[in-house]
Amino acid sequence: MRLGAFLQDVGHHIAAWRHPDVPATGGISFGHYARLAQIAERGKFDAVFFGDMSTIMYPEDEALGQTARAVHIEPQSLLPALAMVTGRIGLISTASTTYNEPYALARRFAAIDHISGGRAGWNIVTSWTHGEALNASLAALPTHDERYVRAEEFVDVIRDLWDSFDDDAILADKDSGQFFDPARLHVLNHKGQHFQVRGPLNVTRPPQGWPVLVQAGSSDDGQALAARVAEVIFTAQTGIEDSLAFRTKIRARAAGFGRDPDGIKVMPGVMPVVGRSRAEAEDKFHRFQELIRPEIGWAIMRRHLGGHDLSGLLPDAPVPQDLPLGEGNQSRIRLLMTVAAREGWTVRDLYWYVVGSRGHWLLLGTAEEIADQLEARFTAGAADGFNIMPPWLPGGLEEFVDQVVPILQRRGLFRTDYSGTTLRDHLGLARPRGRYSDADTSIQQVSR
Ligand SMILES: Cc1cc2nc3c(=O)[nH]c(=O)nc-3n(C[C@H](O)[C@H](O)[C@H](O)COP(=O)(O)O)c2cc1C
């Protein structure tokens, strides 16, 4: 089983910062993140994982000022610092294909991979909020289609840039004066719809060949991108059947691209709340829920349902099943309508759930019960592992590491120590040999 620690400033729960045991301003403290990464490494997690967006969260007027999530340290800057205070754990950061340039991003992730000795991962997203467009000299969010067309080209370019130097290109021959072999340097000369990039990259091939390619965004377009290029998929899945159907479909689509389906690890998010009894776990969760002010609660609900005006919705009415998917996060709107229909939820029920876990799988119980549930999904083939989203930090992560991980280890489901040094080693992913290597079949599959 693969485990990622998805670390949202001071916790996945929106009101975590108000809890007495939580350092409210931890999201802007390096010491806080260092401690979290060390706890996750003690738990032998595959990676720490950071989401990101280049805008303030929940800027709606009535909720303004009510969330600590408004501020956090930019994760690509954070990862190299975390590499210095950890030794083995993988380091994954989100970065958008809509608001970055491939050359600049290729350099940054190559740098993180070099600095960390091969522990970097890039979570590919197309972004979904209007606020980011407004910070990127655009009048509006590009359409869902446009974003994914750009993302497909972006990933091709960035992978090719990482392959600029062959692995053995550097000679560093002091006697002859030849630093590298020009025959082993490749100039890209890419001319596409969105990007014109000559190359080559001014850094040698990353230790992992390519940093691990993670992807989040589960619409049909998102799945198409993932099936072609992703090595890890971060997705929100609530029911075991949906999760199994998602993984089965993505593996079949990957095979359609000529890929080995085992080269993709599907890791849904899960927010665990651990108690000594189920009642205690529920109590704990309710204490967090009571800390949510309604203005921020409705801002979250509105955002995850596509930004529509929800004022016409009656709290005790069933959740509408015809909400427009819009141009933002389509898979999340679809997921929330599906789970509401399946569970027979009212608007009030959905509010309780979405504000608490943002639509991810909410798992309340004892450590044994949580381990049982994770094991059931894993052995059913519904997941290769999970991104653990502790509701509050550092306590929620400590509880998982100290109480749930040992059970998974005793059951032989999870490692008791690292056996390799790179993130690819931890995840069981092959190192890509490089686009220009003759013997390389993995590159030929995806070459344009
Ligand atoms: C589990 C999950 C996590 C995501 N994390 C982020 C994130 O950290 N930052 C971000 O801008 N978008 C994130 N996204 C959304 C992506 O930006 C995505 O490309 C976009 O919303 C379109 O999503 P869709 O393909 O599901 O419609 C995430 C999506 C999913 C499913």
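The values are calculated or read from the model by the stated rules, or taken from the named source; none is laboratory data. Predicted, not measured: the structure shown is a model, and the values here were computed from it. Positions of Cβ are backbone-derived with ideal geometry, glycine not excepted, and every protein chain shown enters the neighbour counts.
What to note about this one:
- Within region 327-371, the residues that satisfy the criterion of being small (Gly, Ala, Ser) and in contact with a His (Cβ under 8 Å, 6 or more places away or on another chain) are Gly328, Gly356, Ser357, Gly359.
- Just one of the listed residues (Arg424, Arg431) is over 22 Å from Thr235 (Cα atoms), at pLDDT 95 or above and basic (Lys, Arg), and it is Arg431.
- Pick from region 180-218, criterion at pLDDT 95 or above and polar (S, T, N, Q), ranking: farthest from the chain's Cα centre (by Cα): Asn189
- Residue check for Val273: touching a residue at least 40 places away in the same chain (Cβ under 8 Å) and among the hydrophobic types (A, V, I, L, M, F, W, C): yes
- Candidates are the residues of region 338-358 that are polar (S, T, N, Q) and assigned to a helix (DSSP H, G or I); the one that is nearest to Asp220 (Cα to Cα) is Thr338.
- Residue tally, condition crowded, with 19+ Cβ neighbours inside 10 Å and basic (Lys, Arg), over region 13-36: 1
- Every residue from region 155-198 that is farther than 22 Å from Arg228 by Cβ and among the hydroxyl-bearing types (Ser, Thr, Tyr): Ser176
- Test: residue in region 384-398 that is more than 13 Å from Val274 (Cα to Cα), among the small types (Gly, Ala, Ser) and in a loop (DSSP other than H, G, I, E, B): no
- When each of Glu343, Glu369 is tested for being at pLDDT 95 or above and away from the ligand (no atom under 16 Å from the Cβ), the lone residue that passes is Glu369.
- Those residues of region 37-60 which are away from the ligand (no atom under 16 Å from the Cβ), charged (D, E, K, R) and either under 19 Å from the mean Cα position of the chain (by Cα) or modelled with pLDDT of 95 or more (or both), in sequence order: Glu41, Arg42, Lys44, Asp46
- Residue that is nearest to the chain's Cα centre (by Cα), among those in region 79-94 that are surrounded by 22 or more Cβ atoms within 10 Å (Cβ to Cβ) and either on the phi > 0 side of the Ramachandran plot or of a type in the set (A, V, I, L, M, F, W, C) (or both): Ile92
- Boolean, Gly117 is touching a helix residue (DSSP H, G or I) at 6+ places or on another chain (Cβ under 8 Å) and buried (at least 20 other Cβ atoms within 10 Å of the Cβ): no
- Among residues of region 226-249 that are of a type in the set (Lys, Arg), those with a beta-carbon under 7 Å from a residue that is part of a strand (DSSP E or B) at least six positions away or on a different chain give the pairs Arg247/Val266.
- If the condition is being over 13 Å from Gly43 (Cα atoms) and buried (at least 18 other Cβ atoms within 10 Å of the Cβ), then region 410-425 contributes Thr422, Leu423, Arg424, Asp425.
- Output for region 359-383, where each listed residue is part of a loop (DSSP other than H, G, I, E, B), more than 25 Å from Arg69 (Cβ to Cβ) and out of contact with any Pro (no Cβ under 7 Å at 6 or more places or on another chain): Thr366, Ala380, Gly381, Ala382
- Taken together, Leu325, Leu335 contain a single residue that is among the hydrophobic types (A, V, I, L, M, F, W, C), in a loop (DSSP other than H, G, I, E, B) and farther than 30 Å from Gln409 by Cα, which is Leu325.
- Of all residues in region 99-130 being within 16 Å of the ligand (Cβ to nearest atom) and touching a Pro at 6+ places or on another chain (Cβ under 6 Å), the one that is nearest to Asn202 (Cα to Cα): Phe109
- Beta carbons closer than 8 Å, at least 6 apart along the sequence or on distinct chains, pair a first residue in region 385-399 that is closer than 29 Å to Phe246 by Cα with a second that is of a type in the set (Asp, Glu) for Gly385/Asp46; Pro390/Glu399; Trp392/Asp21.
- Screening Thr143 with (1) surrounded by fewer than 22 Cβ atoms within 10 Å (Cβ to Cβ); (2) within 14 Å of Glu327 (Cα to Cα); (3) within 21 Å of the chain's Cα centre (by Cα) gives one miss only, at (3).
- Annotation note: Cβ proximity below 6 Å between a residue of region 302-331 that is within 18 Å of Asp220 (Cα to Cα) and among the charged types (D, E, K, R) and a residue that is within 16 Å of the ligand (Cβ to nearest atom) and not in a helix (DSSP H, G or I) (sequence gap 6+ or interchain) occurs for Glu327/Leu141; Glu327/Thr143.
- Considered as a group, the residues in region 279-333 that are among the basic types (Lys, Arg) and closer than 21 Å to Gly11 by Cβ include one that is surrounded by the most Cβ atoms within 10 Å (Cβ to Cβ), and that residue is Arg332.
- Selection from region 262-292 of residues that are acidic (Asp, Glu) and within 27 Å of the chain's Cα centre (by Cα): Asp262, Glu282
- The set of residues in region 1-52 that are of a type in the set (Asp, Glu) and part of a helix (DSSP H, G or I) contains only Glu41.
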